[in-house]
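*Asks:* Okay, handing you the structure first.
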Amino acid sequence: MTTPHNSAKPGDYADAVLLPGDPLRAKWIAETFLTDAKLVNGVRNCLGYTGSWDGKRVSVQATGMGQPSLSIYVHELINVFGTKRLLRVGTCGGLNASVKVRDLILAQAASTDSTIVKDGFGAFNFAPIADFGLLRSAADKAEARGLSAHVGNMLSSDIFYHIEPGMAGYGNLPSHGVIGVEMESAALYTLAARFSVKALTICTMTDCLVTGEALSAADRQSSLKDMVALALDVATQS
């Protein structure tokens, strides 16, 4: 069964799917890491591939930017194509000076300024969290590889350009342990909880909003390789 957003056929996706935002990053992951990668979705150029990693079947599907876009692809991956483990791989900004550029953030939870989560729970404030098994696996594997990884709260913001300059746009969140900011994880974790599947976000911190430090293009690509290899191992071995 296809959808308006996905031309894949039943069985085209593996149980485990990596979720970059950028379609070209999905293509890069498929071509760089996967064996026998096959394009399974090209609708709107939001590319999806399935291949194998270390002999195990795995997929990668771009989600576009932001929680509304990700929610479409994740909802369909779970409910139409039967995926069971979804790992977002991307970049994020840093909200704590102890997190250095090139470091990984493993999003234990995801705060948000979006109503995309709030609207589903009435008077309650739902707390979107990662699957503990995936999180523990990622933390253990990162430590074994000597990767600098931080487990903590991520902000999934609908706003990239805040009216307030610099850190002012993030209010009290950094003082309450929120260490990074991106645009997708809260919706991912909420949908995973709703449909009883597993999800985790792993991000490379590329721009520190506290110090102004940022990765060069070359360093960014090298760091992404470490992150993707880690995510593939977690996705296929958990």
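*Asks:* Condition test on ARG102, is it among the basic types (Lys, Arg), touching a residue at least 60 places away in the same chain (Cβ under 8 Å) and either in contact with a Leu (Cβ under 6 Å, 6 or more places away or on another chain) or not in a strand (DSSP E or B) (or both)?
*Replies:* Criteria met by ARG102.
*Asks:* Would it be correct to say that LYS9 is part of a helix (DSSP H, G or I) and either among the hydrophobic types (A, V, I, L, M, F, W, C) or surrounded by fewer than 20 Cβ atoms within 10 Å (Cβ to Cβ) (or both)?
*Replies:* no
*Asks:* Determine whether the stretch 134-150 contains at least one residue that is among the charged types (D, E, K, R) and in a loop (DSSP other than H, G, I, E, B).
*Replies:* Yes, the stretch 134-150 contains at least one residue that is among the charged types (D, E, K, R) and in a loop (DSSP other than H, G, I, E, B).
*Asks:* Could I ask something else about it? Inside the stretch 55-66, can you point out the residues that are touching a residue at least 24 places away in the same chain (Cβ under 8 Å) and either in contact with a His (Cβ under 8 Å, 6 or more places away or on another chain) or farther than 18 Å from ALA26 by Cβ (or both)?
*Replies:* Listed by number, the list holds a single entry, LYS56.
*Asks:* While we're looking at this one, here's another question. Is it true that some residue in the stretch 152-166 is touching a Cys at 6+ places or on another chain (Cβ under 8 Å) and surrounded by 13 or more Cβ atoms within 10 Å (Cβ to Cβ)?
*Replies:* yes
*Asks:* Suppose we filter LEU87, LEU95 for residues that are within 15 Å of the chain's Cα centre (by Cα) and of a type outside the set (Asp, Glu); which single one remains?
*Replies:* From the options LEU87, LEU95, the qualifying one is LEU87.
*Asks:* Residues of the stretch 177-230 being part of a loop (DSSP other than H, G, I, E, B) and within 24 Å of ASP131 (Cβ to Cβ), which ones?
*Replies:* Listed by number, the residues that qualify are GLY177, MET183, GLU184, PHE195, SER196, VAL197.
Only the coordinates and a few stated rules stand behind these numbers; no lab work does. Quick caveat: nothing in here was measured; it's all calculated off a predicted structure. We place every Cβ from the backbone using ideal geometry, glycine too, and count neighbours over all the protein chains shown.
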